[in-house]
1. Sequence-distant or interchain residues sharing an amide H contact under 5 Å with B:Leu268, placed H: which?
2. Per residue of the stretch B:83-100, what does 6.51 cos²θ - 1.76 cosθ + 1.60 with θ = phi - 60° give for ³J(HN,Hα)? Whole Hz please, x for Gly and Pro, Karplus curve as stated.
3. What is the mean projected area of the alpha carbon convex hull for the stretch B:46-140, to one decimal in square nanometres?
4. Across the stretch B:159-168, in residue order, what do the Karplus-derived ³J(HN,Hα) couplings come to in whole Hz, using 6.51 cos²θ - 1.76 cosθ + 1.60 with θ = phi - 60° and x for Gly and Pro?
5. Which trypsin sites (Lys or Arg not before Pro) does the stretch A:19-123 hold that lie in a coil by DSSP with at most 11 other beta carbons within 10 Å?
6. Report P(r) for the stretch B:335-403: all Cα-Cα distances, bin width 10 Å, range 0 to the bin holding the largest distance, values in whole percent.
7. Give, in nm to one decimal, the length gained when the segment between B:Asp56 and B:Lys158 is fully stretched (0.36 nm per residue of separation minus the Cα-Cα distance).
8. Let me check I have the definition right: for the stretch A:179-258, take the eigenvalues of the Cα gyration tensor, multiply each by 5, take square roots. What are those semi-axes in whole Å, largest first?
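Every number here is computed from the coordinates shown, using simple stated rules; none is lab data. Worth saying up front: this structure is predicted, and the values here are computed from it rather than measured. Counting neighbours? That spans all protein chains shown, and the Cβs are built from the backbone with ideal geometry, glycine included.
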Amino acid sequence: MQKQAIFQSKLLPYALVAPQLAIVLIFFYWPALQAVIQSFLLQDAFGLSSTFVWFDNYIELFKDPAYFEAIVRTFFFSFAIAISSLSFALLLAVMADKPLRGSMLYRTLLIWPYAVAPPVVGVLWIFMLHPSLGVLSRYLRGLGVDWNPLLDGNQAAGLIILAAAWKQISYNFLFFLAGLQAIPRSVFEAAAIDGARPMRRFWTVTFPLLSPTIFFLLVVNIVYAFFDTFGIIDTMTRGGPGTSTVTLVYKVYSDGLLGGNLGSSAAQSVILMVMVIVLTGIQFRFVERKVTY
Amino acid sequence: MALRHFGAAAALAVTVGFGSSPAWAVTEIQWWHAMTGANNDVIVKLATDFNASQTDYKVIPTYKGNYPDTMNAGIAAFRAGNAPHIMQVFEVGTATMMAATGAVKPVYKLMAEAGEKFDPKIYLPAITGYYSTSKGEMLSFPFNSSSTVMWVNLDELKKANVEIPKTWPETFEAAKKLKAAGHDTCGFSGSWVTWVNLEQLSAWHNVPLASKANGLDGFDTVLEFNGPLQVKHLETLVELQKTKVYDYAGRTNTGEGRFTSGECPIYLTSSAFFGNVKAQAKFNFTAVPMPYYPDVKGAPQNSIIGGASLWVMGGKSAEEYKGVAKFLTFLSDTDRQVYIHKASGYLPITKAAYEKAKAEGFYKDQPYLETPLLELTNKEPTENSRGLRLGNMVQLRDVWSEEIEQALAGKKTAKQALDTAVERGNTMLRQFEKTAVK
């Protein structure tokens, strides 16, 4: 099969790609460049004075133990969020894939949470689990649990992971369901005739055939946990108690927007950018090879 | 052809929308604020009344989100060369605004240049002190001010046979009795943990929070709130947290529902909580002055304010400034201040307005609305109680809260937590000093 398209004019392909390139340049590379420039400056909030300080902003960051804590915490949060939301979504998708009465309804309902904006997710969970406002908190306390995420850092971290994973389940569910439905039924039937039990069929047939989906979702989920959980953190804990829920992105926000320390904030986003580039590189270079397409 | 028409129409729309052309239009004055609900109505009414009172200027109020949002919107607009004329900035943003020489127009200068009659002495010094230089030059115009008070659930206190406490030891005792009487999740609590337990506590006992008159005399200020009083206070809170005689309710005011629901019968927070208490509390309540430690000499001193003030942004035309000045004069009017006071529950900012409200018997039925004023005017303000001016205050408060939370969770001692809070805060202040425009 011929993969190459044939263009009569030499300019036409460039002209066709140009709008896309322009968008990428203006909306991705230009701000990224701005961030790099900003990270070498010391500037007041109003932009009235700025001094070029070379790598001072970076040096300050690496002298700060809180920054390393935030890095470790962010990785931990990301894996916890990705693993829990992926496994739960897969379970739901496998169940919704069965021929059930009203399965369309279940599927639709399962997709709904994805339409909820992250800060709203935060508020929803606050209403359930805030130590004084929360409906569920009363039951927890009734059961003898000393539930107080305002002071207990582990509980607060758990709450953030729970809320962030919950929001992502719908998205993962959608992809898993599509992935499951793309697997030809005949493969299952053949396995069943060979005498494979449902669990064995899942691990030897379904799971490997789903691996491209899983791999794709893993990347998406980690990126989501890195960047999009900020709204949830801001509404639920504002990084507290102590610093137990300050992630890298939240730190960028609080240092830059709340603290007016734009230089440090920019330096942090540059580091984040590098981290994501490296992560994605590793994933596609090493992990992708092990994925069956 | 059609395109040309569109262009002309757009140009026309732009002129109408942002027009400040003196030939035929009135001068428009943009006013960005952060008021919602009933307070938003007050703002709209003030603007409408001003616009009706004369024909040269038109004040256009715009809601820009909560306090930090409004401030960030203003800063972003300034960077884009598009700042509003008047911006409402909460009290903790004061240092950031002050440091931005050139970005803002000090109110005392504005009034002098516009030739408006302006006497800083007619305003309550406890309020204007916060927004003035140490020489008494008013930098921003006080708009909505409040202070910390202690809200008390009178019914529950009566049931537990507890008197309204006046001092901190009495408050702790009262909370223990209340806990014994059934309030086992919360004897007393409060919002804005650093405002109440560090900032107000220090001013109320005439103890410094930071050097250089709490930053009013210069950006080279260092934090000093790890003194014996503050440490002792936090130690007591940590001890009481263990048994929930005191129960921490968060950094902001999200815990205020614990008072109105009846869970916490004693609650320290802003006097501006009044509207919510009135609307939601199904019990008799009042607000009394913050407690004090009787063993501290001279306590109580005076409290400091919360709330926001109006900053005039720089780089506008003389004509526009004239309108802004006229509007500030309009706001200073006694009857208008009495109206704002009654409608919003915020404090009147002029002495005359306060006297008038008193003469009208406004505080007879609602004595608790006078409480914050009595606290603010309790004594002549000192270096330690005039106000605070610390750079990056929003983030400073978060850092202090983080450390207090560590102490309350038992991970650090009170002394360690406050020492670290001071240390981390000082680093941020030095950072701010570097970027502040000299």
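1. Hits under the 5 Å cutoff: B:Trp151, B:Ser189, B:Gly190, B:Ser191.
2. Each residue's phi maps through the Karplus curve to give 5, x, 6, 10, 10, 7, 10, 5, 4, 6, x, 3, 5, 4, 5, 5, 5, 8 Hz.
3. Details: hull surface 29.2 nm².
If you wrap the Cα atoms of the stretch B:46-140 in a convex hull and average its projections, you get 7.3 nm².
4. So the Karplus estimates, Gly and Pro as x, are 4, 8, 6, 10, 6, 5, x, 10, 10, 5 Hz.
5. Numbers: sites: A:Lys63, A:Arg73, A:Arg101, A:Arg107; in loops: A:Arg101.
Within the stretch A:19-123, the qualifying trypsin sites (Lys or Arg not before Pro) (loop, at most 11 other Cβ atoms within 10 Å) are A:Arg101.
6. 17, 36, 27, 17, 3
7. Numbers: separation 102, 0.36 × 102 = 36.72 nm, distance 5.79 nm.
Additional length available on full extension: 30.9 nm.
8. On the way: eigenvalues 397, 31, 14 Å².
Value: 45, 12, 8 Å, ordered largest first.
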